[in-house]
Amino acid sequence: MDPISPEAERAGLLAATQALLVGLLSTLRRKEVLSQQDLDQLFEAGLMTFERGEPDEVRTAARLTLEILARSLSKAP
C-alpha cells in the first residue's frame with residue numbers, strides 16, 4: 001500500500017467522522033430521541049465552542065465542518 005499524505009489522512013478522518021455523526025444524529029432524530037430543536041442547539045453549541053480562543057483558521061475550519069454536517073443531516077431521512 002502506498003503511504004497516505006497527511007492532508008489525505010485528515011480529509012479521510014473528517015469524512016469518516018462526518019458520515020458517523022450524520023448517521024448517529026439522523027438515527028436519534030428518526031427514533032425521536034432528539035428533536036430538530038435539540039440538533040440546532042447542539043450545532044450552535046459546537047459553533048460557540050470554537051469561537052473562544054481558537055486561531056482564525058481553526059474557527060473557520062470548524063464552522064465549515066459544522067455547516068457541512070448540519071446540511072448533511074437536513075438531507076438525511
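The values are calculated or read from the model by the stated rules, or taken from the named source; none is laboratory data. No experiment lies behind these values; they were computed from the predicted model shown. Methodologically, a virtual Cβ is constructed for each residue, glycine included, from the backbone with ideal geometry; neighbour enumeration extends over all protein chains shown. SASA here: full protein model, heavy atoms, side chains in, ligands and nucleic acids out. Shrake-Rupley method; radii C 1.70, N 1.55, O 1.52, S 1.80 Å.
For region 23-73, a tally of residues being on the phi > 0 side of the Ramachandran plot and surrounded by 15 or more Cβ atoms within 10 Å (Cβ to Cβ) returns 0. Once region 1-18 is narrowed to residues that are not in a helix (DSSP H, G or I) and not polar (S, T, N, Q), the residue that is nearest to L69 (Cα to Cα) is I4. Taking L14, is it open to solvent by 70 Å² or more (accessible area, probe 1.4 Å) and touching a residue at least 24 places away in the same chain (Cβ under 8 Å)? Considered against the rule, which asks whether it is open to solvent by 70 Å² or more (accessible area, probe 1.4 Å) and touching a residue at least 24 places away in the same chain (Cβ under 8 Å), L14 comes out as yes. When region 29-77 is limited to residues that are basic (K, R) and in contact with a Leu (Cβ under 8 Å, 6 or more places away or on another chain), the one that is modelled with the highest pLDDT turns out to be R29.
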